[in-house]
Amino acid sequence: MKKIQKNRRKFIKDISKLTLFVLLNQILFSKKIFAHNRPKVVVIGLGFGGATCVKYLSNFSRILDLVVIEKNEKIQTCPFSNLVIGDIMNYSSITFDPNIKFNNSNVRYIDSEKKKVFFNDHDTLDYDFLILSPGIGFKKDQISGYSLDNDSHVPHCWDGEKKLINFKKRLNRLENNSKIIISAPDYPYRCPPAPYERASMIAYYLKKKGLKYKIYVFDAKNSFTKKEIFLQEWKDHYTDSIKWISRDQGGQIVSLDQKNKIIETSNGTKLQADLIHIIPEQKASNLLSDSNLCDHDWCQVNPMTFEVNGQKDIFVVGDSIDAGDMPKSAFSANSQANILSINLVNLILQKDFIDPVFLNTCYSFSSKNRAFSITAWYKLNSSKDRIVSLGSKQSDILSNHEERFEESQHAYGWYETITKSLYS
Ligand SMILES: Cc1cc2nc3c(=O)[nH]c(=O)nc-3n(C[C@H](O)[C@H](O)[C@H](O)COP(=O)(O)OP(=O)(O)OC[C@H]3O[C@@H](n4cnc5c(N)ncnc54)[C@H](O)[C@@H]3O)c2cc1C
């Protein structure tokens, strides 16, 4: 365990040193260039991918003009939102006022031929290079009777919009011996361990209130990341009050009767519950499909530059892309966005692209001071058109309390560092 953490810390240090070295080199080189016509770089989205690009590119005002667009006034992060549900953190500690000048508008459409961004209020903006990190969209009609727009359904709270308070109110109304159903979506989706962390945080919250409860996690998959550790943590800390039902055991929910609060699964099982929490199947942001930049579930990009396949001067990063073996996480979006930014500056300076390596660590909490993680390293395949895994390490299933506690401190530290570096 100590060795994994040492290796991980060394890798993070090496990558940070490399990014800093490239940044200093590029700044020195850019000072030698007298730019008559600085290209206009427009960034859409101030979540983890977009804010990372803004942070890096802000160092290059000599060679480019940066314009930033974000539809929300404040950023509410999905990372650590499960801890708000668990009452371990409060809502304000995951909500940020970005210390960045940005245009607070909703983008409706992008015309890639005219190189124009269209806003909801019919205003427009031209660009030379466009970076999009708009997060995710949701598939419709996957579960009969469930609708994303119906406010009587429990909000999914999977996109950083302001529905967490509504979710917590419903959780707070639960009485003793409540039944809760969570539906976990099929791959790929944003943050693979998060549905199971959410189940843990609901259990933590209800246990702390002294209530008895049963949580059923119905899964559209037959396995999930860090499964053995989650199952062990649930057994040890929630005395089997959380039950996981795999796809082969009939875990896929096919319909919801909202009025009577009953779900039906693929094998015909019907179950009534007091709270039914559907996490919908996911896809790239609607902005990309509406703008004809994505005709699959996920946007196809060149992983060296993040330029959209078949397009020029439009780059997409973060959860909306097909990132090969990389999972959709804030850590991944940050790692990809650094490479995108470095190689965009290289493009403007007419320098060679760097051949990227990427890193991801996903921490999960099972209670306030118990966390575990998986770390993986990535590079491009030999034809340079796909991100592939170089290997991964995960926490030990038998870790003792001190080790779980230590990992929880790393997780809090990671969150504080990334949010401070991007938003303050
Ligand atoms: C419950 C949960 C827990 C998670 N925990 C972790 C974790 O512990 N660690 C981790 O690494 N990852 C975690 N994640 C995943 C993480 O939230 C995402 O992977 C990350 O946010 C992806 O970054 P992004 O830039 O692609 O999208 P986002 O961070 O969602 O940013 C997208 C931004 O674009 C803006 N936007 C979208 N459309 C428009 C438009 N039309 N006009 C203007 N602005 C627009 C949005 O308002 C938003 O600010 C978690 C996710 C969930 C759901």
Quiz item: Which percentage, to the nearest 5, of the DSSP beta bridges contained in the range 139-278 is antiparallel?
Solution: 30 percent
Quiz prompt | the range 285-345 and the range 219-255: distance between their alpha carbon centers, rounded to Å | solution = 31 Å
Quiz item: Taking R0 as 30 Å, what's the FRET efficiency between Asp123 and Asn99 from their Cβ-Cβ distance, rounded to 0.05?
Solution: 0.75
Exercise. Rounding to the nearest 20 debye, state how big the charge dipole of the range 139-278 is about its Cα centre with +1 on each Lys and Arg Cβ and -1 on each Asp and Glu Cβ.
Key: 480 debye
Self-check item: Gaussian network model of the chain, Cα within-10 Å springs - most flexible of Asp121, Asp385, Asp355
Solution: Asp121
Quiz item: Per the chain: cysteines with no other Cys C-beta under 4.7 angstrom?
Solution: Cys53, Cys78, Cys157, Cys191, Cys362
Practice problem: Go through 279-287, 64-72 and give me the packing order, highest mean Cβ count within 10 Å leading. | Solution: 279-287, 64-72
Quiz item: In degrees from 0 to 90, rounded to the nearest 10, what is the angle of the helix 194-208 Cα long axis to the longest principal axis of the chain?
Solution: 50 degrees
Self-check item: Total formal charge among the other residues, if their Cβ is under 14 angstrom from that of Cys157, Lys/Arg +1 and Asp/Glu -1
Solution: +3
Exercise. Please list the equivalent ellipsoid semi-axes of the chain, computed as the square roots of five times the alpha-carbon gyration tensor eigenvalues, in descending order and whole angstrom.
Key: 38, 25, 19
Quiz item: Hey, what angle do you get for helix 227-237 against the long axis of the chain, alpha-carbon based, 0 to 90 degrees rounded to 10?
Solution: 50 degrees
Practice problem: Calculate I(q)/I(0) for the range 139-278 by the Debye formula, one identical point scatterer on each C-alpha and no solvent, and give its log10 at q = 0.09, 0.10 Å⁻¹ to two decimals. | Solution: -0.24, -0.30
Quiz item: Can you pull the percent of the chain's accessible area that's carbon plus sulfur, 1.4 Å probe, other chains left in place?
Solution: 48 percent
Exercise. As a check on your grasp of the helix formula, calculate [θ] at 222 nm for the chain: sum -39500 (n - 2.57) over DSSP H runs of n ≥ 4, divide by the residue count, round to the nearest 500.
Key: -10000 deg cm²/dmol
Self-check item: Among Asn309, Tyr109, Ile418 - extreme Cα towards positive end, dipole of the chain, charges at beta-carbon
Solution: Ile418
Quiz item: So which of Lys71/Lys140; Lys270/Lys393; Lys116/Lys283; Lys169/Lys393; Lys243/Lys384; Lys212/Lys328 end up more than 32 Å apart, counting from Cα to Cα?
Solution: Lys270/Lys393; Lys169/Lys393; Lys243/Lys384; Lys212/Lys328
Quiz item: For the range 112-179, what is the accessible area per residue in Å² when the probe is 1.4 Å?
Solution: 57 Å²
Self-check item: Per-peptide average of other Cβ atoms within 10 Å, ordering 181-188, 146-153 highest first
Solution: 181-188, 146-153
Exercise. Report the label-to-label distance for Val254 and Ser112 in nanometres (one decimal), using points 7 Å from each Cα along the Cα→Cβ vector.
Key: 3.8 nm
Exercise. Treat every Asp and Glu Cβ in the chain as -1 and every Lys and Arg Cβ as +1, leave all other atoms uncharged, and give the resulting dipole magnitude about the Cα centre to the nearest 20 debye.
Key: 1180 debye
Quiz prompt | Tilt relative to the chain, helix 330-348 - C-alpha long axis, 0 to 90 degrees, to 10 | solution = 10 degrees
Practice problem: Using the heavy atoms of the protein chains and a 1.4 angstrom probe, tell me the accessible area per residue for the range 221-306 in square angstrom. | Solution: 45 Å²
Exercise. Return the whole-Å distance between the Cα centroid of the range 86-153 and the Cα centroid of the range 386-402.
Key: 32 Å
Quiz item: Among Ser291, Ile276, Ile94, whose Cα lies farthest out toward the positive end of the dipole of the chain, if unit charges sit on the beta carbon of Lys, Arg (+1) and Asp, Glu (-1)?
Solution: Ile94
Self-check item: Most to least packed among 339-347, 16-24 [average Cβ atoms within 10 Å]
Solution: 339-347, 16-24
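The values are calculated or read from the model by the stated rules, or taken from the named source; none is laboratory data. Values in this document were obtained by computation on a predicted structure and should not be read as measured data. Neighbour counts run over all protein chains shown; Cβ positions are idealised from the backbone, glycine included. Only protein heavy atoms, including side chains, enter the accessible area calculation; ligands, DNA and RNA are left aside. Shrake-Rupley method; radii C 1.70, N 1.55, O 1.52, S 1.80 Å.
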